[in-house]
Amino acid sequence: MDAGYTIRRAAPEHLPRLPEIELASGRLLVGRGLPESALAAGSDTAALQSAQRDGLLWVALSPDARPVGFARVGRLDGVAHLEEIDVHPAHGRRGIGTALVGTVCRWAHAEGLSAVTLTTFRDVPWNAPFYSRLGFRIVASRELGAAEAARVRAEAGPGVDPGTRVFMRFDTGAARTGPLAQSSRDRAVGS
């Protein structure tokens, strides 16, 4: 991650900026076959507040301490599920998304959770291909449990072809090595 950016658990004062980050990030999907309603939908404010209170929401802060990205986590079938991750496009391509994913995977490992799962778009370069480079693997639909298959359908949303979505899994033991390993600079920041 570029110098000056930090990752930390979200505080209440960070929450008002997160919907703006999410909507700006969503605009990157314009022209990729998604209905306008899917691009305009944002996280529920109550869900963000609950995740923040439960310690399941991390923010990326710019050098001037403004939120520029976030990751929200829940649990699904006994593992961590990355429900939402967004980086404002003005701060993209600086390693912030990788740092957020790494923070979540290391947290899950420390919590004794064996995996982090997520759903994402199969063919959008900064979606499934990005997560694959970080060590996530696509789980074939025939391998999904009922709750996982339901999550894929639910996260596709109205007007989105569920076939464009994939379910991915990262085994948290791998969070100690590879692209998601914590650097000494990240350790200084804390998570």
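Take residue 142 and decide whether it is in a loop (DSSP other than H, G, I, E, B) and basic (Lys, Arg). When the stated conditions are applied, residue 142 does not pass them.
Residues in region 111-126 that are out of contact with any His (no Cβ under 8 Å at 6 or more places or on another chain) and buried (at least 19 other Cβ atoms within 10 Å of the Cβ): 4 in all. Within the bounds of region 177-186, is there any residue that is closer than 18 Å to residue 60 by Cβ and at pLDDT 85 or above? Looking through region 177-186, none of the residues is closer than 18 Å to residue 60 by Cβ and at pLDDT 85 or above. From the list 121, 170, the one residue that fits, being modelled with pLDDT of 85 or more and touching a Phe, Trp or Tyr at 6+ places or on another chain (Cβ under 6 Å), is 170. Checked against the criteria, residue 143 counts as among the acidic types (Asp, Glu) and free of Cβ contacts under 8 Å to residues at least 24 places away in the same chain. Scanning region 114-125 turns up at least one residue that is of a type in the set (Lys, Arg) and touching a residue at least 40 places away in the same chain (Cβ under 8 Å). Candidates 91, 81: the one that is in contact with a helix residue (DSSP H, G or I) (Cβ under 8 Å, 6 or more places away or on another chain) and not small (Gly, Ala, Ser) is 81.
Within region 53-110, restricting attention to residues that are closer than 20 Å to residue 167 by Cβ and acidic (Asp, Glu), which residue is surrounded by the fewest Cβ atoms within 10 Å (Cβ to Cβ)? Residue satisfying both the conditions and the ranking: 77. Of all the criteria given as (1) farther than 30 Å from residue 6 by Cβ; (2) part of a loop (DSSP other than H, G, I, E, B); (3) without any contact (Cβ under 8 Å) to a residue 24 or more places away in the chain, the one not satisfied by residue 159 is (3).
The values are calculated or read from the model by the stated rules, or taken from the named source; none is laboratory data. Computed from a prediction, not measured in an experiment: that's the story for all the values here. So basically every Cβ, Gly included, is an ideal-geometry build from the backbone, and we count neighbours across all protein chains shown.
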